[in-house]
Amino acid sequence: MDMTLPRRRFDTLIIGAGGAGLNAALQLADSGLRVAVVSKVFPTRSHTVAAQGGVNAALANVLPDSWHWHMYDTVKGSDFLGDQDAIEFMCREAIPTVYELEHAGVPFSRLDNGKIYQRAFGGQNQDFGGPQAARTCAAADRTGHAVLHALYQQNIRAKTHFFDEYFAIDLLRDEEGVALGALVLEIESGDTLVIEAKTTLIATGGCGQVFRTTSNARINTGDGMAMALRAGIPLQDMEFFQFHPTGIAGKGKLITEAVRGEGGYLINGNGERFMERYAPTARDLASRDLVARAIVTEINEGRGCGINKDYVLLRVDHLGEEIIAKRLPGIRESARIFAGLDPALEPIPVFPTAHYSMGGIPTDRFGRVVVPAGEGAEEVVPGLYAAGECACASVHGANRLGGNSLLDILVFGRAAGKDIIDYIKENPHHRPLSEPSLERAVAHLDRWDHQPEKKPAGKGKAKPAAESSVRELREEFRKVMEDHAGVFRTPKSMAEGVKQLKAIRRKLRGLRLKDQSRVFNIARIEALELENMVDVGMAIAVSALGRKESRGAHSREDFPVRDDRQWMKHSLYFREKDRLEYKPVRSKPLTVKGFPPAERVY
Ligand SMILES: Cc1cc2nc3c(=O)[nH]c(=O)nc-3n(C[C@H](O)[C@H](O)[C@H](O)COP(=O)(O)OP(=O)(O)OC[C@H]3O[C@@H](n4cnc5c(N)ncnc54)[C@H](O)[C@@H]3O)c2cc1C
């Protein structure tokens with residue numbers, strides 16, 4: 001094995017150039033550190049660019065508001081599984097974070113008085129569960145686009161070093177487990193590079209591609225989560241996956257909640273506004289888990305729309321041409337392209353779509369990765385950070401509120417950046433890489449080098465599945481996830497899902513790339529991504545089977561109610577032996593009184 005790979009040294013490495021990675025990079029580069037940012041796509045193509053609705057902050061520009069009400073809504077939205085210290089921190093930091101973005105050049109929509117426009121979103125209330133609030137700061141329905149471009153430009157100014165279209169393979173560490181960078185692959189040339197750094201931040205975004213129908217981009221394959229798993233780090237709360245209520249039926253493409261925030265509403269096959277029955281007060285703006293379940297229930301009970309009665313309709317035509325053109329131009333475009341209709345004239349057919357991972361790499365509120373250290377204790381993995389959708393801080397608990405993810409990535413990206421600055425002050429020197437750690441990473445990549453004749457590396461009976469290509473296996477896998485880990489879960493179906501995933505994992509071990517794939521590295525990248533997705537899919541399925549209650553997005557037919565006595569705890573899934581552990585929820589906030597679990601009504 002060739003261990004004389006080219007090496008580059010930076011003070012700090014960030015894997016991922018979405019909102020989380022770029023906001024961290026900006027803090028670091030502005031403080032004078034040498035920052036490397038690796039991204040498998042050009043930075044402004046990261047999924048953050050697709051965020052439509054906006055970012056939450058209690059600015060009180062449209063209606064009265066306070067960070068404390070925002071905190072209450074987030075705790076309640078999380079179905080009381082979120083850590084309240086992290087939630088308090090995020091809701092307070094929201095306000096300066098949005099002003100910082102404004103100063104960085106984000107062109108927010110404006111009110112007539114010049115202040116930032118704020119729209120109503122689901123699960124937002126005034127006064128601890130009172131009247132609807134308007135907390136979501138928006139740049140029309142293209143907020144993520146505006147945020148990502150502003151942050152990218154600021155990073156160019158600050159001289160952040162970008163490795164565009166480089167694919168991170170695995171984390172590198174020293175003998176004591178300190179994180180020291182990553183092995184990366186230049187996609188165009190296929191050349192490998194070792195990036196050595198004093199700290200490493202994983203900011204690789206979500207994993208929505210594990211489901212067949214999803215709002216997520218093709219690149220959201222959970223790579224960073226899988227890298228953590230391979231490094232022996234568990235993933236937290238993976239059973240909680242958010243299905244957004246309004247994907248375009250059959251396509252999955254997202255229609256933002258902002259549509260309902262602006263006054264759009266859902267109707268079933270009988271033309272009824274069915275949300276009135278499920279959430280008498282908040283109706284269409286109840287939290288996402290509730291609205292998604294209501295849609296599926298309507299359809300299961302025969303009240304869907306269309307010939308097959310397999311979707312419901314989202315009406316906006318009553319809002320009028322002007323509001324649609326001004327506040328929802330992107331949605332109109334999506335509906336035209338993906339559903340072939342103009343929402344100003346006709347309702348949009350919708351069905352829940354896999355959208356967001358509440359779970360991820362466990363961190364504290366400084367973005368530091370924390371792992372169990374025996375007997376209920378926890379320890380920080382030195383030099384390793386995670387932020388954004390790949391991380392679990394945990395502010396979303398069992399269900400995330402709309403507009404809280406852009407907030408999460410910005411607040412915790414920035415917090416991680418600040419903590420890294422302090423860490424590097426105390427640990428100013430590079431440390432030697434452990435050779436075994438590098439060898440493991442290289443072997444992981446070499447596994448997909450094009451060696452058609454070699455015997456499969458997998459143990460036991462695994463045969464090379466000649467006829468089953470990486471792409472076919474990927475589609476098989478995504479269908480298993482959709483069928484066995486969706487909106488409603490039964491024990492039988494979940495157990496069957498885990499069984500089928502194990503079979504897919506075995507098949508994958510036997511798979512090799514054909515020689516001609518050398519032409520491009522795309523085949524290699526797709527294989528690496530599939531490996532990552534299968535690891536993350538298994539984390540979701542095993543964690544779901546383990547949690548014997550219904551809470552937030554996790555809804556089981558055999559345990560239909562929330563069980564606070566047994567289950568006020570986070571799950572931790574370890575890749576080795578598909579093992580689960582649990583740890584208690586941190587229900588004590590930083591300065592205010594905590595919100596104890598209560599019934600969640602909207
Ligand atoms: C359609 C859509 C609309 C949304 N709307 C909203 C909204 O209105 N409000 C809200 O709050 N949230 C919204 N969300 C959620 C939110 O946008 C995301 O959770 C958030 O943007 C994720 O940001 P991130 O920085 O964690 O990751 P991303 O923006 O996904 O970036 C991930 C980065 O990691 C890089 N990467 C990944 N793997 C590798 C690898 N192996 N090697 C190198 N680089 C890698 C990618 O290239 C990319 O740069 C929406 C999500 C979707 C899908």
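The condition of being surrounded by fewer than 17 Cβ atoms within 10 Å (Cβ to Cβ) and either under 25 Å from the mean Cα position of the chain (by Cα) or assigned to a helix (DSSP H, G or I) (or both) holds for Lys548. Answer with yes or no whether Leu572 is more than 30 Å from Glu165 (Cβ to Cβ), open to solvent by less than 20 Å² (accessible area, probe 1.4 Å) and either of a type in the set (A, V, I, L, M) or in a helix (DSSP H, G or I) (or both). Taking the combined requirement at face value, the residue satisfies it. Applying the criterion of being of a type outside the set (A, V, I, L, M, F, W, C) and out of contact with any strand residue (DSSP E or B) (no Cβ under 8 Å at 6 or more places or on another chain) to the residues of region 19-44, the residue that is nearest to the ligand (Cβ to nearest atom) is Gly19. State whether the residues of region 76-99 include one that is away from the ligand (no atom under 16 Å from the Cβ), in a loop (DSSP other than H, G, I, E, B) and without any contact (Cβ under 8 Å) to a residue 24 or more places away in the chain. No: zero hits. Checked against the criteria, Val369 does not count as farther than 27 Å from Ser543 by Cβ, within 16 Å of the ligand (Cβ to nearest atom) and among the aliphatic types (A, V, I, L, M).
Hey, among the residues in region 50-74 that are of a type outside the set (A, V, I, L, M) and not in a loop (DSSP other than H, G, I, E, B), which one's nearest to the ligand (Cβ to nearest atom)?
Asn56
Looking across His430, His444, one residue alone is in a loop (DSSP other than H, G, I, E, B) and at negative phi. It is His430.
Of the candidates Ile504, Ile525, the single residue that is farther than 30 Å from Asn125 by Cα and within 16 Å of the ligand (Cβ to nearest atom) is Ile525. Cβ-Cβ distances below 7 Å connect the following pairs, each with a first residue in region 11-34 that is farther than 16 Å from Arg157 by Cβ and open to solvent by 10 Å² or more (accessible area, probe 1.4 Å), a second residue that is more than 13 Å from the ligand (Cβ to nearest atom) and not in a loop (DSSP other than H, G, I, E, B), and a separation of six or more residues or different chains: Asp11/Val35; Asp11/Ile424.
Of everything listed in (1) open to solvent by 20 Å² or more (accessible area, probe 1.4 Å); (2) farther than 19 Å from Ala134 by Cα; (3) away from the ligand (no atom under 15 Å from the Cβ), the single unmet condition for His47 is (3). The listed residues are Val194, Val147, Val184, and the only one of them that is surrounded by 24 or more Cβ atoms within 10 Å (Cβ to Cβ) and either away from the ligand (no atom under 14 Å from the Cβ) or outside any helix (DSSP H, G or I) (or both) turns out to be Val184.
The values are calculated or read from the model by the stated rules, or taken from the named source; none is laboratory data. Just so it is clear, the model here is predicted, and its values are computed rather than measured. So basically every Cβ, Gly included, is an ideal-geometry build from the backbone, and we count neighbours across all protein chains shown. Side chains are part of the model used for accessible areas, which takes the heavy atoms of the whole protein and leaves out ligands, DNA and RNA. Shrake-Rupley method; radii C 1.70, N 1.55, O 1.52, S 1.80 Å.
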